[in-house]
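Single-structure report; data block below.
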Amino acid sequence: MVSDNNSSKKVCVIGAGPAGLVAARELRKEGHNVVVIEKSHDVGGQWLYDAKVEEENPLGKDSFLKVHSSIYASLRLTSPREIMGFTDFPFVAKKGRDMRRFPGHKELLLYLQDFCERFGLREMIRFNTRVESVEMLDYPVLDKDLRWVVKSKAEKAVEEVYDAVVVATGHYSHPRLPRIKGMDAWRRKQMHSHIYRVPEPFKNEVVVVVGNSLSGQDISMELVSIAKEIHLSARSLNISQGLSKVISKYDNLHLHPQIESLHEDGKVLFTDGSWIIADTIIYCTGYSYSFPFLDTKGIVVVDDDRVGPLYEHTFPPSLAPSLSFIGIPRKIIGFPFFESQAKWIAQVLSGKRMLPSWDDMMQSIKEFYHSRDVAGIPKHNTHDVANFEYCDKYADYIGFPHLEEWRKELCLSALRNSEINLETYRDSFEEDQEMLQVAHNSPHFTQLGHEDFTS
């Protein structure tokens, strides 16, 4: 629904990563007064590489983590650059920078810094400032004028009242760990991939990598030339053709089923009865949603990685629109989706668009949960979208353009290629040439007449 009402709100955005930056831009464009609070010294969020991990709990068991980024030094994008840009700011290759289609992480940080400069966003951001708490001002009164008390700390503590809070803190920081018998008693080195940075510390070690996610595969391949042995423990031994090729190529890389138990003498016992003595275990087991600063009196909870209740992964019905979340969904083409979320939130806050009634939003959430249950999708995968149609349906709330067909096709092509050619897919992509031509000739790339664009 569209309305003619227009009001300006004082809005706090938490986090200056991709989601927080585009939120700040869209909120300001809609006439709101915006403050972005960022605990790091620069923009980028997850893409701001941090080599200093010594003070972090190796398993990430602290509520407030000292390190936000989980990026390792050699990380390259798993998606091609063409599909990643915001709709009006393509992620183009620039001379003198990393011009590969699947560049290293620094190139994406530079893109976000360019985005920040292009739209003058830095003036809204308070760097080196940690959000300590976010609480409702007049609880238990929940009405349309609900406001929020935000306590933050830089050199000194500050307490401010905002009309709305947008949470954009990401979801690749707080480690999700398996439960393994003997895990607490195992005396050798255990760590989550959250603090993995470089392979050198594992020289000549026997390393168990738990989880064959993209990061688990990447880290295993990086360790083969450094470690003595790498033992990759996977939930299923039905692995991709690409991973199978890699395992058969390296004599010191071995595949195992899940771990049955860990023992004090360093023994790692697998469910098939085989065992090894290991020096280090690296858990590449994903991440959990965590908002330790947010107090909603139990209205919004994280239950086995389901953040809810949230209408369309964005608005908690009882606290909408004054509280919203950007960037909760996973398995999407992130930046355009964040942009559509940001526009919707900005327009709902200004009164230009209306949300459905509380009853209708709650009913929608209930139906969504039911559909996931019927499909046999575990609760912890609630926010794994993996559906272009959903992204297009979401875009329709605000008249946002649907994902271009070339964007969808290049995304799927990269996924297919990585399944078959795990070691080479980032540098070998012959089947993309025709679709790349379509992309480069599309309005997305031609809109600004990029003189520095290089195909």
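In the chain, the longest principal axis of the Cα atoms and the axis of helix 105-118 are about 10 degrees apart. Helical runs assigned H by DSSP (4 residues or longer) give the chain a calculated mean residue ellipticity at 222 nm of -8000 deg cm²/dmol, each run adding -39500 (n - 2.57) before division by the residue total. In region 331-388, the alpha-carbon atoms span a convex hull of 101 Å³ per residue. Restricting the GluC sites (Glu not before Pro) of region 260-355 to loop positions (DSSP other than H, G, I, E, B) with no more than 11 neighbouring Cβ atoms within 10 Å leaves Glu264. Normalised radius of gyration (Cα atoms, divided by 2.2 N^0.38 Å) for region 160-258: 1.36. Legend: residue pairs Lys61/Lys267; Lys52/Lys189; Lys66/Lys366; Lys181/Lys297; Lys267/Lys379; Lys52/Lys106, Cα-Cα distance threshold 26 Å; pairs beyond threshold, Lys66/Lys366; Lys181/Lys297; Lys267/Lys379.
Helix 405-420 and the long axis of the chain differ in direction by around 20°, with both axes built from C-alpha atoms.
The residues of the chain have, on average, 45 Å² of accessible surface per residue, using a 1.4 Å probe with all protein chains present. Qualifying chymotrypsin sites (Phe, Trp or Tyr not before Pro) in region 60-140, where qualification requires a DSSP coil assignment and no more than 16 other C-beta atoms within 10 Å, comprise Phe64, Phe127. Temperature 25 °C, viscosity 0.890 mPa s: under these conditions the Stokes-Einstein estimate for region 1-137, based on its Kirkwood radius over C-alpha pairs, is 146 µm² per second. For region 69-76, putting each phi into the Karplus relation 6.51 cos²θ - 1.76 cosθ + 1.60 with θ = phi - 60° gives couplings of 6, 10, 7, 9, 4, 8, 4, 10 Hz, in residue order, rounded to whole numbers and with x for Gly and Pro.
Please give the FRET efficiency for Gln258 paired with Asn128, using the beta carbon to beta carbon distance and R0 = 41 Å, rounded to the nearest 0.05. Step by step, r from the Cβ atoms, then E = 0.50. Shape summary of region 246-351, radius of gyration then Dmax from alpha carbon positions: 21.6, 63 Å. Rounded to the nearest Hz, the phi-derived 3J(HN,Hα) couplings of region 203-219 under the Karplus curve 6.51 cos²θ - 1.76 cosθ + 1.60 (θ = phi - 60°) are 4, 6, 8, 9, 10, 9, 9, 9, x, 10, 5, 4, 5, x, 5, 4, 5, where x marks glycine and proline. Put simply, the Cα atoms of the chain extend 67, 52, 49 Å along their principal axes, the longest span coming first. Under the shape rule built on the C-alpha gyration tensor, where the axes satisfy a ≥ b ≥ c, region 90-193 is oblate, since a/c reaches at least 1.5 while a/b does not exceed b/c.
Here the accessible area of the chain is 50 percent carbon and sulfur, with a 1.4 angstrom probe and all protein chains present.
Semi-axis lengths, largest first, of the ellipsoid equivalent to region 385-450 are 25, 18, 8 Å, with √(5λ) applied to each eigenvalue of the Cα gyration tensor.
Applying the criteria of a DSSP loop state and at most 13 other Cβ atoms within 10 Å to the GluC sites (Glu not before Pro) of region 39-81 yields Glu54, Glu55.
The values are calculated or read from the model by the stated rules, or taken from the named source; none is laboratory data. Treat the numbers as computed from the prediction; the structure is a model and nothing was measured. Neighbour counts run over all protein chains shown; Cβ positions are idealised from the backbone, glycine included. Side chains are part of the model used for accessible areas, which takes the heavy atoms of the whole protein and leaves out ligands, DNA and RNA. Shrake-Rupley method; radii C 1.70, N 1.55, O 1.52, S 1.80 Å.
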